[in-house]
Amino acid sequence: MPNTPVDGMSMQGLVAELESGAPGIAAHPPRDDLRPAALYRQILRRLRKELRGAAIADTIDPAVPVKVDQLALSVAAIVRREAIAATEMGGTFLLTKPFGPRVPMPDPNWEDQPTICAVDKDIRTHRHPGLSSTMHATAFLVSETVVATAKHCIDQESLPRLRFVFDFGMITATHAHCLFRRSDVYEAKCVRLGNDDWALVELDRPVADRVPLALAGPGAVQVGRSVSTIGHPLGLPAKYSYESEITRKGARTFDANLRIYGGSSGGPVFDENLERVIGIVSAHVPDKSSHALQRVGERSVLLPAEPLFEGSATCVMLDEVSEFLRKWRPECELEEDPPG
């Protein structure tokens, strides 16, 4: 986008840049006498801030370290069983539909990527337009039989309907991996729910050919520390959110300006060296100013259906998780002492 100061732009320039950066966002401008320029300037400032802020990319993107693609092998998408179908050859595949255009578009490269969905119970073909979203969350391997995720994404009642699918990611810039061996799809055996927003799920069998992620010990969370995460935002193939840092540290949670969306919850938060997990993505906390009016006077303004990314991700520290795992799964790789 141009570097022209927003306050010095004409109404025509504001509309032109908004349309180029988020198609359709200014497709129906309100009347001039309703002072839309101030509103557009506010939107444009947020849009520019988003593009300057935390980055997000496919795990196979050349700009992303090779190690990220390796770590992604231990990250799973949590989906409902209705989103998985069997092939005639004995395999399984995810039911998906194109992500399609959005306003605002989180990333123009996502429009043609598949997003997980499912068929309504009275529909028998995945090609039918009655597809509905069934993306649940993200999880990551902490032992050969246990994954960690966010507690708000899982409970005892929903457990039998959930499936944990590894390897859902882009394999080229234009093609995603949606066909799986049945051995790459797991069911839940039981769940342990934490006091904070974390859960540990025991899978129905050991996970083969994948390395559990190492968990950091006490003292790993420090304000200003660089962090990143891998997850399945909006039901998409694995995404890597990076160029972020911790902005607040609480007693048991911390905030980081990670770029996340629905579906990112439960993902691992890595340290700057991608060596250890220091937290679990819990929730997106938008800036209070990120919700613009949908109507100005008598004329509707076409604004984002969901807020532009602005704010932070609240993440859960691992102290309680690690303490529980030491007793329940002593084989987990846990860091004992604060990092030097």
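Where strands (runs of 3 or more DSSP E) fall wholly inside the range 134-178, the ranges with 1 or more residues that are touching a Pro at 6+ places or on another chain (Cβ under 7 Å) are 135-143. Scanning the range 69-92 for residues that are surrounded by fewer than 15 Cβ atoms within 10 Å (Cβ to Cβ) and of a type outside the set (G, A, S) returns Q70, R81, T87, E88, M89.
Every condition in (1) within 17 Å of the chain's Cα centre (by Cα); (2) over 21 Å from R80 (Cβ atoms); (3) assigned by TED's automatic domain parsing to the domain that holds A148 is met by D197 except one, and the failing one is (2).
Filtering V64, V79, V68 for residues that are in a strand (DSSP E or B) and either of a type in the set (G, A, S) or at negative phi (or both) leaves a single hit, V79.
Output the residues belonging to the range 242-274 that are at positive phi and in contact with a Cys (Cβ under 6 Å, 6 or more places away or on another chain). First the steps, then the outcome.
The initial filter retains those residues of the range 242-274 that are at positive phi, namely 243, 263, 266, 274.
Selection gives G266 alone.
The values are calculated or read from the model by the stated rules, or taken from the named source; none is laboratory data. Every value quoted in this text rests on a predicted model; they were computed, and no experiment measured them. Heads up, the Cβs are rebuilt from the backbone with ideal geometry, glycines too, and the neighbour counts pull from every protein chain shown.
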